[in-house]
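The values are calculated or read from the model by the stated rules, or taken from the named source; none is laboratory data. Model, not experiment: these values are computed from the prediction. Note: ideal-geometry Cβ built from the backbone for every residue, glycine included; neighbour counts use all protein chains shown. Note: accessible area is taken over every heavy atom of the protein model, side chains too, but ligands, DNA and RNA are not part of it. Shrake-Rupley method; radii C 1.70, N 1.55, O 1.52, S 1.80 Å.
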Amino acid sequence: MLVKHLPRDSALNRELHGEVSEWSVTDHLLAAAVDHLAAANWMFACVNSGEDDQPEPPTPVPRPEYPEAEADGKPPGAVRHAPDAVPDTGPGGQAPSPGQLARFFG
């Protein structure tokens, strides 16, 4: 019972779970918010720039490695969504064009 209620940053939790034990729910939510804001800004820049001046997609905030990760690389109980908050590529493996993004969000 005592071990179950140890603080998140205890030596035992750090040994068992590594860097993950130092990340709180708030840290994960802030990282997700930053990633989504970066993706939204990237999409806005893509729609409002010329075909030749397309910006590079944003790099997601680094997350800690989960030692108990499942086969798909996500921790147990994690929400599965689009990888790293960057839009998936369309047919043919290419990112959507600014026109396609404008029609989607327009």
D84, sole failed condition from (1) outside any helix (DSSP H, G or I); (2) modelled with pLDDT under 70:
(1)
Pull up the range 22-61, narrow it to residues that are under 21 Å from G99 (Cβ atoms), in a loop (DSSP other than H, G, I, E, B) and touching a residue at least 40 places away in the same chain (Cβ under 8 Å), then point me to the one that is least open to solvent (accessible area, probe 1.4 Å).
S49
